[in-house]
Amino acid sequence: MKENFITVDTEGSDAMTEIAIIDHSGKLIYEAFVQEQWKNTLVNTQVKPLLTIVTYFLQYAQDKLIICHYAEHDIQILKHSFHQVGIQWSNLNFICSLQLAKEVYQNLASYSLEYLSKYLHLKHETYYFNPNLAHSAKYDAIFTYYLYCHLVEIKLRQTLQGKPNPYGDSRVDTPFQHHIDLSEVYHDEFLILTSMLNDIKQDKNHQSKGVVVIGEAGSGKTHLMMRLANHLLKSNRLLFIRQPNNPDAVLYHTYSRMLESFVEKVPHTDYSQLEHLLAKSFSKLVIDFIKQKEIPTKREQEILEILSESYLAIYGTLGTEGTDKKRRNWEYIEKKTVDWWDKTYGSGGYSNSIIKGLIKFCSYSDSTRRELVRRWLSGNELENSELEKLKLPNWNDEISQEEFSLEAIGVFSKLSIIDEPLIIIFDQLEGLKYNERLLLQFGEAVKEIFTHVPNSLIILNLFPDRWDHFQCVFDGSIIDRISQQKIRLRAPTSEVLREILSLRAQMNGITLEELFEQTELACILNHTSIRAMLNSAADYYRLKINNIQLPYIYLSFEETIKHELEIIKNDIALLKNKLNLPKLPLIVEQAENSEQELIDYITLQKSMLVEDYHKNTIISDTDDVGKLTTIIQAIEQFHLLETDYLRMGKKKLPEHILFKLSVKNTTETFLIGFLQVSGVSFAARIKNISELAINHRNVRFGIFRDIRVAQVTGKAAKDQIEKLNNTENAKFIYMGEDDRIAMELTYKVITDIFNQEVEIELKNGLLALKNYFEDHWFVSTPLAKTLKLLIKIIE
């Protein structure tokens, strides 16, 4: 609410007899009786000459908004008073609370101050409107103040009803999102990051550099990464890697998340990050080669003209799909690029094949073939029918995913030397502290990346205590590489925080002063992080617009006492109910609001996962079993589970985890496995797990394959699926959307809590998730049912 207003009431018919002024806080600041009207009938210090009263009123009110009830009458009296004392009338700013009430509440029987005060149950201190005290300037001004405050609140609620809470999206989950960004926040830190990118580009050896961005939860680390994306995606490629979850596949996890980042669109273009990187790299290579020739061929001259005009023309103007012209042009580009690669970096390892795969990706305009290439690039074995379409060699089951991933990351970084340095961001790493082996493997993986991946700015976003932990756990060879620059995010000033709030309020067409009172703003700004401040603002916004009470943590001392008394009354009511005594109305405790907030949070996360379900995602056995392991480790903080793995000599099995679980007073052993691979690898692994199922009749086997992964088509593989399903204690299950969302939602809630993305205790979060599954989302698919059983044991 704007605070530069006063409430005024005058009494009298034509001539003023008295006046009262109330300030924006409801305090009486001026009350006077006109000496000329009262003569000797009233004697006190508040009796003043009319000239004194008018002079004071003009000086105090001329720069303020003046609120009157039936303002037309007050203006008439004031004008007459100005005229009486010979002072020229000024164009003062009046608002009539009667007219405002007609806008807010239509078709009432009356709009008098008395009627509205009673209709709206307005109170001054503990007293309702008393007609016997009315028609004194002070009394009417006070109730006009309460009426105006109420009307402004209701009108604000009506205006903003249905509009999004401008403070509701306090989290930046990935750099590819779009949120309001105030450039003054961490401006110097942003300049440090961009200058480091320039240093890498200018370095003849293109050595990668490391920077640690240190800040508390909610301080804006990922938001700073979002600013990098917003400013630099038109030139640089930004790759975002969340915390790994499997110590045996840290590099593969890193590479998979990179591939997912590569498909993000570059702003204001129709092309992805990957398409920009490859187009620019391949175009520059070919252009440089052709320019070095004394006499280019006619085809080379045509290619030169096309690519010189725009490197993105590589996708559209090198020939129509299926024509010999396009085939020959791309064969030419492939030969020159592979020759350059072999000459510059050698032909060993996986790199030569990866380069050919990337060229295949560029040459196809058909989305189906491109998706096949993307799966192939992720190191997945394809079916023979799929390979026939691509003319690429298959990866075999003996491939080392970690070696392959490191080499593939190196390929992209070396191509980026022709373009611009890569930005590689590791974020949401707090959960590493719960798994020492995973933490150590992460450190080794980062060291390998610095050794084998050039031309990259590698950023680690960390909490201060996590950075301290890293320095204790990792040796100097890792610490020195990742912290060539340390950036500590300090809390912004209150002026900057206030500006952030103002920008967001403007989204709904209002000012900060119209939305919050000074006392509310003081509470909102009294937080140590940007996210906490925005969360507080969101809570106050819900109070004003949706009438949702503030969480218990915001209550003042007086409100806390009142709240505790209400809880006591509630306990008495429950006791009387048990004793069959007369009942008191039950009061809903504040804790229920917190429970609803948990459900709202879970509902939001589920909706985001549903929205992202059909996006291009690298689905892998190692990632899925890592997520399930993280879920089990979270539950083990409250209930010890026996976990293990089955082995079959040197034969490969689906990635899996074995655990014991009490179900209906009996203990059962479950094996949950994931089998997302294809081709020969699939048939061999499902055959091996079938043999184990036969030999372990006491274990319930569930082998899951995501329905979005290529369907199994080979006869041998189908026969093995049938054999497994005919085993009494085992099932091969295609993992549908509900199963996938259930697992991802459980994993997301846990990792958000670990990473302090939400202020929720782990046990409360898990129990809220259980309640959500039982009361709000009646999913009964196989994996979802198992997850519900797992969570239920912590009660």
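The values are calculated or read from the model by the stated rules, or taken from the named source; none is laboratory data. It should be emphasised that the depicted structure is a prediction, and the values quoted were computed from it without experimental measurement. No Cβ is skipped: glycine too gets one built from the backbone with ideal geometry, and neighbour counts run over all protein chains shown. The area values use the complete protein model at the heavy-atom level, side chains included, leaving out ligands, DNA and RNA. Shrake-Rupley method; radii C 1.70, N 1.55, O 1.52, S 1.80 Å.
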Of all residues in region 621-667 being small (Gly, Ala, Ser), surrounded by 12 or more Cβ atoms within 10 Å (Cβ to Cβ) and modelled with pLDDT under 95, which is nearest to residue 698 (Cα to Cα)?
662
Can you pull out the residues in region 603-623 that are under 22 Å from the mean Cα position of the chain (by Cα) and among the charged types (D, E, K, R)?
606, 611, 612, 615, 623
With a cut-off of at least 1 residues that are under 22 Å from the mean Cα position of the chain (by Cα) and hydrophobic (A, V, I, L, M, F, W, C), name the helices (runs of 4 or more DSSP H) lying wholly within region 472-528.
494-506, 518-525
Please determine whether any residue of region 743-751 is surrounded by 15 or more Cβ atoms within 10 Å (Cβ to Cβ) and modelled with pLDDT under 90.
no
Just give me the residues in region 214-269 being out of contact with any strand residue (DSSP E or B) (no Cβ under 9 Å at 6 or more places or on another chain) and β-branched (Val, Ile, Thr), in sequence order.
250, 269
If you check every pair at least six apart or on different chains, which have Cβ atoms under 6 Å apart with a residue in region 323-339 that is of a type in the set (Ser, Thr, Tyr) first and a residue that is part of a helix (DSSP H, G or I) and open to solvent by less than 50 Å² (accessible area, probe 1.4 Å) second?
337/282; 337/285
Suppose we keep only residues that are in a helix (DSSP H, G or I) and polar (S, T, N, Q) within region 222-245. Which one would you say is most open to solvent (accessible area, probe 1.4 Å)?
230
Just checking, which of 418, 459, 409 is outside any helix (DSSP H, G or I) and surrounded by 20 or more Cβ atoms within 10 Å (Cβ to Cβ)?
459
Would you mind stating whether residue 525 is closer than 25 Å to residue 187 by Cβ, crowded, with 20+ Cβ neighbours inside 10 Å and either in contact with a helix residue (DSSP H, G or I) (Cβ under 6 Å, 6 or more places away or on another chain) or not β-branched (Val, Ile, Thr) (or both)?
no
In the list 468, 475, 480, which residue meets the criterion of being closer than 18 Å to residue 221 by Cα, open to solvent by 10 Å² or more (accessible area, probe 1.4 Å) and free of Cβ contacts under 8 Å to residues at least 60 places away in the same chain?
468
If you scan region 267-292, which residues turn out to be in contact with a Ser or Thr (Cβ under 8 Å, 6 or more places away or on another chain) and either free of Cβ contacts under 8 Å to residues at least 24 places away in the same chain or surrounded by fewer than 21 Cβ atoms within 10 Å (Cβ to Cβ) (or both)?
285, 287
Being open to solvent by 90 Å² or more (accessible area, probe 1.4 Å), touching a Phe, Trp or Tyr at 6+ places or on another chain (Cβ under 9 Å) and part of a helix (DSSP H, G or I) is the filter; apply it to region 82-100 and report the residue that is farthest from residue 59 (Cα to Cα).
99
Residue within region 684-697 that is open to solvent by 30 Å² or more (accessible area, probe 1.4 Å), in contact (Cβ under 8 Å) with a residue 40 or more places away in the chain and of a type in the set (Gly, Ala, Ser) present
yes
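When you look at residue 428, is it of a type in the set (S, T, N, Q) and touching a Lys or Arg at 6+ places or on another chain (Cβ under 7 Å), yes or no?
Yes; evaluated as a whole, the condition is true for this residue.
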Would you confirm, using the coordinates I've provided, whether residue 382 is more than 24 Å from residue 459 (Cα to Cα), of a type outside the set (Asp, Glu), touching a residue at least 12 places away in the same chain (Cβ under 8 Å) and buried (at least 21 other Cβ atoms within 10 Å of the Cβ)?
yes
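Would you please name the residue that is farthest from residue 159 (Cα to Cα), looking only at residues in region 483-505 that are of a type outside the set (D, E, K, R) and without any contact (Cβ under 8 Å) to a residue 24 or more places away in the chain?
493
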Is it true that some residue in region 781-790 is among the hydrophobic types (A, V, I, L, M, F, W, C) and in contact with a Leu (Cβ under 8 Å, 6 or more places away or on another chain)?
yes
